[in-house]
Amino acid sequence: MEQIGLFGKEIKKETEGTFFNTVPETGAALKESKRKAKTEEDLIIAFFTANGHTDFSPCQVWKHIDFHRPVTNFRRAITVLTNKGILEQTGKKITGHFGKPVNTWRLVKI
């Protein structure tokens, strides 16, 4: 893996996303799931970058990017990106998809 700068941070360029293999998958199926997870993480970074430091819930991100994929994929990717320090939880809540309060995220300010 090579080093690249992202939002002023040095991170490792990854070819696979974080996929929690609870099924468990092996071989080509596992590789494809990791590739899809990476794509989702990249889509979310691009979405937040294009929208400045606006706050979004996982369902809002899901609706704007690709509501044909499970929303849980976007929740997983947002959690992974938060753990990597790329996104941060805002502490603000909005009314979510099912009428309940949900957290919002934004890009980390550098």
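None of the figures in this text is laboratory data; all of them are computed from the coordinates on show. Since the model is a prediction, treat every value here as computed from it, not as a measurement. As a convention, Cβ positions derive from the backbone with ideal geometry for all residues, glycine included, and neighbour counts pool all protein chains shown.
Brief remarks on what is shown
- Take each peptide in 56-67, 86-97, count the other Cβ atoms within 10 Å of every residue, and average; sorted highest first, the result is 56-67, 86-97.
- Environment charge at Thr54 (Cβ cut-off 12 Å; Lys +1, Arg +1, Asp -1, Glu -1): +1
- The label-point distance for Arg75 and Asp42, in a model that sets each label 7 Å from Cα toward Cβ, rounds to 2.6 nm.
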